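Only one structure is covered here, and it is reproduced in the block below.
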Amino acid sequence: MRVIAVWSIKGGVGKTTAAVNLAALAAREGARALLWDLDPQGGASFLLRVSPRRKASPRRLARRSVELRRMVRATDVPNLDLLPSDLTYRTLELELNARKSPSRRLAVKLTPLDGHYDWVVLDCAPSVTLVSEAVLHAADDLLVPVIPSALSLRTLEQTRRFIAQTRSKAVRVLPFLSMVDRRRRLHREGCERFAGGAEGFLRTIVPMSSIVERAAEARLPLFAVAPSSRATRAFASLWQEVREQSASPTD
Amino acid sequence: MTSDTGDRETNRRVLALEAPLPPERLAAALQPEGEVAVGRAVQLQRTYLDSFDWRVWGSGGRLVLEESGGRQSLHWHPGAMSPVTAPVAGTVRFASDLPAGPIRRDLAPILEMRALLPMGRVALRQRLVRVLDGQRKTVALVWWEERSGCTAIRLRTEVLTGYERAGEAVHRRLLALESVTPAGESELALAAAEHGRRPGDYSSRIDLELKPETPAGEAARAVLRRLADTLRANVDGAVEDLDTEFLHDLRVAVRRTRAALGQLKAVLDPEAAAPYVEELRWLGNATGPCRDLDVFQLNVEGYRKELAPDTAAALQPLADRLHHMRAQSHRELAADLRSRRFSGFIKRWDAFLDSDRLCADTATATLPVRSVAADHIQRAYGRFLNRAQGMGPQPPAEGMHRLRIDAKKLRYLLEFFASALGKSAARPLVRELKAIQDTLGAYHDLHVQQLRLQEVGRELLTDNGTGADTLLAMGRLSAFLETRQEQHHHDFARRFATFSDKSVRKAVARLGGAGERAR
């Protein structure tokens, strides 16, 4: 089981779109995938039309004795399950804080799922909190969407510093260019700067696309809405790269 | 053996419709559970894949290949986990052809070297009926399936993770409908029956149910009949070269038959059996070379992984030559198995097994099988111990081979008559013997492989295209095999110490039960 966290301190960089589509692509290939929506906004849960189970409160979720599998729900994408979220997830921070070793709690909760899933994708809230720290302990890879803008690049640096401060074991940081609009000069320059995997960036560039909005409206993965669109192909290529970068758990 | 009535997919259940129920009426019946969406009709070809010996089914799972609109997808329903689906392109024959991921990971250890064969095919018209919640999320699935060429309709309901209550409610509602009943036999069983197969109908194991008081002659006949069935069952697969296990099982059936004829001379008529003994020897010899090459080919890839990368790479000409030799050897084998000599032998052997000439006209043939079997086993055990103890610390390969044959004869006798002796008494001995035999078998295989290496080495030496690096690598491989052989010799010594222990001697002595001895 490989755990990938889609993570950024900054909001609106395409985290949820990436998390949903990468998890769906893993599932489409025949892997067992779990998407864990850790964002109280519940964007991934909305996109996949799944509401949390009544008993799946953050309090229960934080308890060591409650198995995550009991909170999982199947999505309409074959092989893809979801741990959904809603606004009550805003208290997850408090619930974790009330337990022993809170920063390791998510990793502990995920351990029993090893063997059930090949990939776990964490869709994280845009913040630096105890939950974020717990995500760093749980994840093998940190996929960071970066819009080629000064602010977004600054948050990538902050992310790296945050990891250095909090993380004992190495987590691989995999930034990629997201929501790129080539009509903008800054974006074009960003593409040139990080082209071909420079500065640790993944090679794939995910374009800004109205297809992403259409897919969100249809509440479906991109490949189900526009299988051959540029954005769909970009996510397929991104998934390929992520899979290659990770030690394959599927062989 | 697991029963195959009903459906065993963990989260799916199958209902049968005794009267036609169009999907629209089905949808109307499910309306109280939520909004219902009926998908368009899809023509589908469903193929159940399994090994010849039903390894997938035996694991509690099902592997289904579905083809529709030029696309293929594999559906793996493991016994204890949720199903998983993956697209496939091209033919899926061995575990290595399965898509990387959970399907290959789960099935590779189950299938090992066995090929996936189509065990049953069904052509269907399918419509997917989905029950939706307020967000238009599917909470329960029902597949409405009509088999081509017949009016029978089946409904497959699927309980989705996290929506168990909705799934159960849909299932109950369907069951409450007039004319809907739980499907009796599984679709796999029905489809396999059309191919003349039944799930679990083949196993290379001797799983006879003999009563202790059965006359020994009758028991021996039952054993030989079972072995003849196994032999026949594997001929086509061995000729068509579907996978290496057909030949393996065929050879084991031949060896067991020869062992039975040789060991049970007090029960069977040796004179009447003599012509068949000769033919079985011929068959053993005819099938040997191809099997030896199969084993070498299966092993050589493993050896290459353990050797240094440059040595492994230099061994490619050896792998190619083995492949070539194996293909030639298989052609000869196939010719033998298609020959008049073989078909004539099978025919005469079948008739002989049904005839009165099979059993000896002796008192032993009428004695209860338990005491006769125990007596034979005790003597075979004694022979094995004597031979093993008579061998020095560095026995020749031939001596080890003879010992291996003795171990096999002993194991076969235990397996033939385990049910009559009491499985709890026979099984621990079989288990111990199997471990010994594995060690002796590996030792022997390594010896045969070293001889083969020398043979191939001589051939390659005369071949101008072979580089010195290949010959040197073969030398290193030979040394590697010799080291392995040494290890197996040490393993044997350790295992033999256990198997010749007082407790095992006592267990063997107790096999016939107190006071019950044939002689």
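The values are calculated or read from the model by the stated rules, or taken from the named source; none is laboratory data. Worth saying up front: this structure is predicted, and the values here are computed from it rather than measured. Neighbour counts are summed over all protein chains in view; Cβ atoms, including those assigned to glycine, are modelled from backbone coordinates with ideal geometry.
In this structure, does residue A:177 turn out to be within 30 Å of residue A:203 (Cβ to Cβ), surrounded by fewer than 15 Cβ atoms within 10 Å (Cβ to Cβ) and touching a helix residue (DSSP H, G or I) at 6+ places or on another chain (Cβ under 9 Å)?
Answer is no for this residue.
Here are some residues: B:491, B:445, B:469, B:463. Which one is farther than 30 Å from residue B:406 by Cβ, among the acidic types (Asp, Glu), modelled with pLDDT of 85 or more and out of contact with any Lys or Arg (no Cβ under 8 Å at 6 or more places or on another chain)? Break it down into steps so the answer makes sense when it comes.
Values: B:491 fails: farther than 30 Å from residue B:406 by Cβ; B:445 fails: farther than 30 Å from residue B:406 by Cβ; B:463 fails: modelled with pLDDT of 85 or more.
On inspection, the qualifying residue turns out to be B:469.
For the range B:360-386, which positions are aliphatic (A, V, I, L, M) and either assigned to a helix (DSSP H, G or I) or in contact with an Asp or Glu (Cβ under 7 Å, 6 or more places away or on another chain) (or both)?
We begin by selecting, within the range B:360-386, every residue aliphatic (A, V, I, L, M); these are B:360, B:363, B:365, B:367, B:369, B:372-374, B:377, B:380, B:385.
If the condition is that a residue be aliphatic (A, V, I, L, M) and either assigned to a helix (DSSP H, G or I) or in contact with an Asp or Glu (Cβ under 7 Å, 6 or more places away or on another chain) (or both), then B:360, B:365, B:369, B:372, B:373, B:374, B:377, B:380, B:385 are the ones that fit.
What helices (runs of 4 or more DSSP H) completely inside the range B:387-498 contain at least 3 residues that are of a type in the set (Asp, Glu)?
Details: elements: B:397-416, B:418-421, B:423-462.
By residue number, B:397-416, B:423-462.
Go through B:140, B:166 for me and flag whichever is in contact with a Gly (Cβ under 6 Å, 6 or more places away or on another chain), within 14 Å of another protein chain (Cβ to nearest Cβ), in contact (Cβ under 8 Å) with a residue 24 or more places away in the chain and of a type in the set (A, V, I, L, M, F, W, C). Steps first, answer last, please.
On the way: B:166 fails: in contact with a Gly (Cβ under 6 Å, 6 or more places away or on another chain).
Answer to the check: B:140.
So that you can scan it fast, the table gives a plain yes or no per residue for (1) assigned by TED's automatic domain parsing to the domain that holds residue B:94; (2) among the β-branched types (Val, Ile, Thr); (3) in contact (Cβ under 8 Å) with a residue 24 or more places away in the chain; (4) touching a strand residue (DSSP E or B) at 6+ places or on another chain (Cβ under 6 Å):
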residue	(1), (2), (3), (4)
B:245	no, no, yes, no
B:250	no, no, yes, no
B:264	no, no, yes, no
B:278	no, no, no, no
B:287	no, yes, yes, no
B:327	no, no, no, no
B:330	no, no, yes, no
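Among the listed residues A:235, A:201, A:162, which satisfies the condition of being touching a strand residue (DSSP E or B) at 6+ places or on another chain (Cβ under 6 Å), of a type in the set (A, V, I, L, M, F, W, C) and more than 14 Å from chain B (Cβ to nearest Cβ)? Give the derivation first.
Details: A:235 fails: touching a strand residue (DSSP E or B) at 6+ places or on another chain (Cβ under 6 Å); A:162 fails: touching a strand residue (DSSP E or B) at 6+ places or on another chain (Cβ under 6 Å).
It is A:201.
Which number in (1) in contact with a Lys or Arg (Cβ under 7 Å, 6 or more places away or on another chain); (2) surrounded by fewer than 16 Cβ atoms within 10 Å (Cβ to Cβ); (3) acidic (Asp, Glu) marks the one condition that residue B:209 misses?
Tallying (1) in contact with a Lys or Arg (Cβ under 7 Å, 6 or more places away or on another chain); (2) surrounded by fewer than 16 Cβ atoms within 10 Å (Cβ to Cβ); (3) acidic (Asp, Glu), residue B:209 fails exactly one: (1).
Where in the range B:34-105 are there strands (runs of 3 or more DSSP E), lying fully within it, with 3 or more residues that are of a type in the set (A, V, I, L, M, F, W, C)?
Per the criteria, B:35-38, B:42-50, B:62-68, B:84-88.
Hey, residue A:98 hits all of (1) small (Gly, Ala, Ser); (2) crowded, with 20+ Cβ neighbours inside 10 Å; (3) out of contact with any Cys (no Cβ under 8 Å at 6 or more places or on another chain) but one; which does it fall short on?
The number of the failed condition is (2).
What tally of residues in the range B:469-497 results from selecting those that are under 25 Å from residue B:393 (Cα atoms) and either touching a strand residue (DSSP E or B) at 6+ places or on another chain (Cβ under 7 Å) or polar (S, T, N, Q) (or both)?
Qualifying residue count, the range B:469-497: 4.
Specify the residue that is nearest to the other protein chains (Cβ to nearest Cβ); the eligible residues are those in the range B:106-119 that are under 17 Å from residue A:118 (Cβ atoms) and buried (at least 19 other Cβ atoms within 10 Å of the Cβ).
Step by step, filter the range B:106-119, then rank; the result is B:106.
If you take the residues in the range B:86-96 that are surrounded by fewer than 18 Cβ atoms within 10 Å (Cβ to Cβ) and within 13 Å of chain A (Cβ to nearest Cβ), which one is farthest from residue A:74 (Cα to Cα)?
B:96
Among the candidates A:241, A:192, A:213, single out the residue that is modelled with pLDDT of 90 or more and over 19 Å from residue A:27 (Cα atoms).
A:213
Tally the residues that are aliphatic (A, V, I, L, M) and part of a strand (DSSP E or B), restricting the search to the range A:120-148.
So the count comes out to 7.
Looking only at the range B:254-307, how many residues end up being of a type in the set (Lys, Arg), under 29 Å from residue B:350 (Cα atoms) and in a helix (DSSP H, G or I)?
Of the residues in that region, 5 qualify.
Tell me which of these residue B:134 doesn't satisfy, since it passes every other one: (1) buried (at least 19 other Cβ atoms within 10 Å of the Cβ); (2) within 14 Å of chain A (Cβ to nearest Cβ).
It is condition (1) that residue B:134 fails.
I'm told residue B:159 meets every condition in (1) closer than 24 Å to residue B:64 by Cα; (2) surrounded by fewer than 19 Cβ atoms within 10 Å (Cβ to Cβ); (3) at pLDDT below 90 except one. Can you identify the failing condition by its number?
(2)
Confirm whether residue A:34 is touching a residue at least 40 places away in the same chain (Cβ under 8 Å), in contact with a Phe, Trp or Tyr (Cβ under 7 Å, 6 or more places away or on another chain) and buried (at least 24 other Cβ atoms within 10 Å of the Cβ). Working first, answer last.
Details: touching a residue at least 40 places away in the same chain (Cβ under 8 Å): yes; in contact with a Phe, Trp or Tyr (Cβ under 7 Å, 6 or more places away or on another chain): yes; buried (at least 24 other Cβ atoms within 10 Å of the Cβ): yes.
Considered against the rule, which asks whether it is touching a residue at least 40 places away in the same chain (Cβ under 8 Å), in contact with a Phe, Trp or Tyr (Cβ under 7 Å, 6 or more places away or on another chain) and buried (at least 24 other Cβ atoms within 10 Å of the Cβ), residue A:34 comes out as yes.
Let me spell it out: the conditions are (1) within 25 Å of residue B:190 (Cβ to Cβ); (2) within 25 Å of the chain's Cα centre (by Cα); (3) away from chain A (no Cβ under 14 Å), and residue B:148 meets all of them except one. Which number is the exception?
Here residue B:148 clears every test but (2).
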